[in-house]
Number of protein chains: 2
Amino acid sequence: MQTMARAATTSDAFNAVAEPRRREILSLLVVQERPVGEIVAILRLDQPSVSKHLRVLRNVGLVRVRRNGRHKLYRTNPEAIRPMHQWTSTFERYWRHQLHRVKERAEAMETANPESNLKL
Amino acid sequence: MQTMARAATTSDAFNAVAEPRRREILSLLVVQERPVGEIVAILRLDQPSVSKHLRVLRNVGLVRVRRNGRHKLYRTNPEAIRPMHQWTSTFERYWRHQLHRVKERAEAMETANPESNLKL
DNA sequence: TTGACATATTCCCATATAGGAATGTAATGT
DNA sequence: ACATTACATTCCTATATGGGAATATGTCAA
């Protein structure tokens, strides 16, 4: 690895979940563990595709596997999503601020000119 | 666009923030708006690189710009991060479960064999 | 207008994809 | 041993990317 054009999908959770299908898989497997075949059937994806996505998710710890006969049961490891949740949480107070300002402005307009809502 | 190897960085917020430098930029610009030059100085990145990252962030609505003389002042638009926060939140109850189980198991062991903590 | 400053864009290139198709491997039942 | 089921991996290809370097665009001031 000399100069990477784009960070590997397996470099961290952020890169892994950038792919929409992988987000779907995670949402599915957090409810209950499932064999690959079920994921294929439910999400209407090709089996190799699912296996590849699971590989990526496994590499970053977003899913865990256990064997059960011929089946491999995958489940989401929700702990691995926490870092993303925490990072996004640091912005929470700011969008709250934003909403406040919008609300305040709306109320100010309401007081100043009660009919302005009807216009437009 | 026929068959995209990987979704464009500008396809949504998830893809845009997959890049670590862009996350740094967002964290910086949420506190206060700044001209490009300051971002360059603070994060120690090349100016063209910063401009390119800002372009991506702007395309997905993660930052906003306003002109001020020769400067362009960029600021994070925290609202655009909410969807990510919401998505990760759907997993919150599950990692809480997980933590509960771990805690319960630890306490069960404590009760059954108080010295086991010392071993290993 | 010219020069200086601030930011944006373009060109080039090595790289890691994601999908499709085909093939490989592993576990089970008979 | 063999066929079958369930997954995983490999090969191929088009694609978007990020960094570096160079250049373009835009804005002000004198």
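All of the numbers you see were taken from the coordinates with simple rules; none came from a lab. Since we're looking at a predicted model, the values are computed, not measured. Every residue, glycine among them, receives a Cβ derived from its backbone with ideal geometry; neighbour counts consider all protein chains shown.
The table for this structure:
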{"quantity": "Rounded to 10°, Cα long-axis angle of helix A:92-112 versus longest principal axis of chain A", "calculated": "30 degrees"}
{"quantity": "Selected from A:VAL102, A:VAL40, A:VAL56 as most flexible by GNM, with chain A as the system and alpha-carbon contacts under 10 Å", "calculated": "A:VAL102"}
{"quantity": "Cα-based helix-to-principal-axis angle, B:47-59 vs chain B, degrees rounded to 10", "calculated": "70 degrees"}
{"quantity": "Segment B:2-51: trypsin sites (Lys or Arg not before Pro) in DSSP coil with no more than 14 other Cβ atoms inside 10 Å", "calculated": "B:ARG6, B:ARG44"}
{"quantity": "Two-decimal Rg/Rh across segment B:1-48, once Rg and the Kirkwood Rh are taken from alpha-carbon atoms", "calculated": "1.09"}
{"quantity": "Viscosity 1.002 mPa s, 20 °C: Kirkwood-radius Stokes-Einstein D of chain B over Cα pairs, µm²/s", "calculated": "122 µm²/s"}
